[in-house]
1. Go through segment 105-157 and count every residue that is open to solvent by 40 Å² or more (accessible area, probe 1.4 Å) and assigned to a strand (DSSP E or B).
2. May I ask you to list the residues in segment 117-144 that are free of Cβ contacts under 8 Å to residues at least 24 places away in the same chain and more than 17 Å from Arg13 (Cβ to Cβ)?
3. Taking Leu41 as meeting all but one of (1) exposed (fewer than 15 other Cβ atoms within 10 Å of the Cβ); (2) at pLDDT 85 or above, write down the number of the exception.
4. Residue by residue through segment 69-90, note down the ones that are closer than 28 Å to Leu23 by Cβ and at pLDDT below 80.
5. Please pick out the residue among Ala93, Ala18, Ala30, Ala66 that is modelled with pLDDT under 90, open to solvent by less than 70 Å² (accessible area, probe 1.4 Å) and either in contact with a Ser or Thr (Cβ under 8 Å, 6 or more places away or on another chain) or within 23 Å of Trp135 (Cα to Cα) (or both).
6. Pairs needed: first member in segment 41-66, within 28 Å of Leu21 (Cβ to Cβ); second member anywhere, in a helix (DSSP H, G or I) and modelled with pLDDT of 85 or more; C-beta distance under 6 Å; at least 6 residues apart or different chains.
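The values are calculated or read from the model by the stated rules, or taken from the named source; none is laboratory data. Note that the coordinates shown come from a computational prediction; the quantities given were computed from them, not determined experimentally. Using ideal geometry, Cβ is built from the backbone for each residue, glycine included, and neighbour counts are taken over all protein chains shown. These accessible areas exclude ligands, DNA and RNA; they are computed on the full protein's heavy atoms, side chains included. Shrake-Rupley method; radii C 1.70, N 1.55, O 1.52, S 1.80 Å.
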Amino acid sequence: MHNAPSVVYPVGRCAFQAWLLVLLGGVSAAVGVFFLGESNLQSQDPWGWLIRGAGILAWLVWTAWACLSWTRSMEGFVQWSAERRHEMDRASAWWWSDQSGSASLVLIEMKCVLDLQDRVLLRFCGSSMGPRWVWVERQASPAHWSDLRRALVHSRI
């Protein structure tokens, strides 16, 4: 692969991420219910009740955090420009733009952490923001999916 084409790809809330969070929350709730059902509730001392209450509270806090993190997922566009890569330094080939397209930010790092063919988990960071994790799905722009994947591979070289 010699050159990856320039591409602008939309990033938004990912249904796959929502399903993963629901699955994880459901499995952890089922495990909690199993352990509560297996314990003898009548003969427990106050510490046993305290531990159960802390477990339920921790699960509720995690559930609230998971819902908030999904609803506040970053929305915008990742952009790859092969021309910028040759004109400037290597990191300047990737850009982030918010949903309105008004602010563009040079990304210092863009890393494909997990590639599941129809969706990828990206980790990137810019000069004025810390590391961000986003899921990008093929269904967001099927016509440009191959271009995005080629750009991700090409940027690692």
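1. Step one: list which residues in segment 105-157 are open to solvent by 40 Å² or more (accessible area, probe 1.4 Å), which gives 106, 108-109, 111, 113-119, 123, 127-128, 131-133, 138-140, 142-144, 146, 149-150, 153, 156-157.
Those left that are additionally assigned to a strand (DSSP E or B): 106, 108-109, 111, 113-115, 119, 123, 131-133.
The qualifying residues number 12.
2. Once the filter is applied, which keeps residues that are free of Cβ contacts under 8 Å to residues at least 24 places away in the same chain and more than 17 Å from Arg13 (Cβ to Cβ), segment 117-144 yields Gln117, Arg123, Cys125, Ser127, Ser128, Gly130, Pro131, Pro142, Ala143.
3. The single condition Leu41 does not satisfy is (2).
4. Step one: list which residues in segment 69-90 are closer than 28 Å to Leu23 by Cβ, which gives 69-76, 78.
If the condition is that a residue be closer than 28 Å to Leu23 by Cβ and at pLDDT below 80, then no residue fits.
5. Values: Ala18 fails: modelled with pLDDT under 90; Ala30 fails: either in contact with a Ser or Thr (Cβ under 8 Å, 6 or more places away or on another chain) or within 23 Å of Trp135 (Cα to Cα) (or both); Ala66 fails: modelled with pLDDT under 90.
Matching residue, one of Ala93, Ala18, Ala30, Ala66: Ala93.
6. As it stands, the answer is Thr63/Gly25; Ala66/Leu21, since those pairs meet every condition given.
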